[in-house]
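This report refers to the structure that appears directly beneath it.
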Amino acid sequence: MSAETIRIESLSKNYKVGLEIVRALRSVSLTINKNEYVALMGPSGSGKSTLMNVLGCLDTPTSGSYYLNGKDVSKLSDNELADIRNREIGFVFQTFNLLPRSTALDNVALPLIYGGQAKKERRERALKVLDMVGLSDRTHHRPNELSGGQRQRVAMARALVSNPSIILADEPTGNLDSKTSVEIMGLLQDIHDTGNTIILVTHEEDIALHAHRIIRLRDGQIESDVVNDNIVTMQNHTSDAG
């Protein structure tokens, strides 16, 4: 049986907008196991971005519990949340969020500085993950010297550098062309194959179909939570062929 990575129980999040209370999440309960590959989908206003922010420890719930690797993180301070983000969660964003004046190597090593690692160790680890994403020949290039796909690979290497238990990818192909999107999704699959838990936030059906489980939200609640049979069938076919 898979070990539980994420468990949220009766989780709600309210925002005050003027005099109005917006209920972004309404008593959501959800479990994600280690090495699952999950897509979060939903229209604008469905609550998927709010849920992603809570899962990524970027925001705290109004009520309910969030257990990450067995620890209740819903009651932690901002500093404690920052520490967990740095150690447990690797983020990949649509806009890459790279430092424009820093090289690929320095961008990737950045989380390790916050983690207090020595310079030599940081460099070695950053070089290793850049090699993993196929960019060992671009280590000293700055973002403006890289293509969109290469920039997203740098962002993915940065997400991997701390050996996080979860990769949280928010619209990772949103700024990429179709061919590059396929390459990035292939890389995410490779990362999943090495044992990472992946949570993919997307509004694109074809991107969501890369995930093994698809959770759809609407009006702050889970509308459906299904196994992606296309992926399962493909895997079974591959294993049968082997």
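The values are calculated or read from the model by the stated rules, or taken from the named source; none is laboratory data. This is a predicted model, so every value here is computed, not measured. Don't worry about glycine lacking a Cβ; one is built from the backbone with ideal geometry, like all the others, and counts go over all protein chains shown.
Step by step: first the residues of segment 170-202, then only those that are farther than 17 Å from Lys34 by Cβ and of a type in the set (D, E, K, R), then the one that is surrounded by the fewest Cβ atoms within 10 Å (Cβ to Cβ). Which residue is that? Looking at residues that are farther than 17 Å from Lys34 by Cβ and of a type in the set (D, E, K, R), I get Lys179.
Cβ-Cβ below 7 Å, separation at least six or inter-chain, first residue in segment 2-21 and over 20 Å from Ser49 (Cβ atoms), second charged (D, E, K, R) and modelled with pLDDT of 90 or more: which pairs? Correct list of pairs: Ser2/Lys34; Ala3/Lys34; Thr5/Lys34.
If you take the residues in segment 74-88 that are free of Cβ contacts under 8 Å to residues at least 60 places away in the same chain and over 17 Å from the mean Cα position of the chain (by Cα), which one is surrounded by the most Cβ atoms within 10 Å (Cβ to Cβ)?
Filtering segment 74-88 down to residues free of Cβ contacts under 8 Å to residues at least 60 places away in the same chain leaves 75-85.
Remaining after also requiring over 17 Å from the mean Cα position of the chain (by Cα): 75-80.
Numbers: Lys75: 10, Leu76: 17, Ser77: 9, Asp78: 9, Asn79: 8, Glu80: 13.
The selected residue is Leu76.
The rows are residues; the columns are (1) under 20 Å from Ile89 (Cα atoms); (2) in a helix (DSSP H, G or I).
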{"position": "Thr139", "(1), (2)": "no, no"}
{"position": "Gln150", "(1), (2)": "no, yes"}
{"position": "Ala155", "(1), (2)": "yes, yes"}
{"position": "Ile167", "(1), (2)": "yes, no"}
{"position": "Thr173", "(1), (2)": "yes, no"}
{"position": "Val182", "(1), (2)": "no, yes"}
{"position": "Leu187", "(1), (2)": "yes, yes"}
{"position": "Ile191", "(1), (2)": "yes, yes"}
{"position": "Ile207", "(1), (2)": "no, yes"}
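As for segment 89-97, it holds no residue that is at pLDDT 90 or above, buried (at least 18 other Cβ atoms within 10 Å of the Cβ) and part of a helix (DSSP H, G or I).
Screening the candidates Leu19, Leu55 for the property of being aliphatic (A, V, I, L, M) and over 22 Å from Arg213 (Cβ atoms) yields one hit, Leu19. Selection over segment 1-54 of residues that are of a type in the set (Val, Ile, Thr), within 24 Å of Ala169 (Cβ to Cβ) and in a strand (DSSP E or B) gives a count of 7. If you check Ser2, Ser44, Ser12, Ser49 for being touching a Leu at 6+ places or on another chain (Cβ under 7 Å) and either at pLDDT below 95 or not aromatic (Phe, Trp, Tyr) (or both), only one passes: Ser12.
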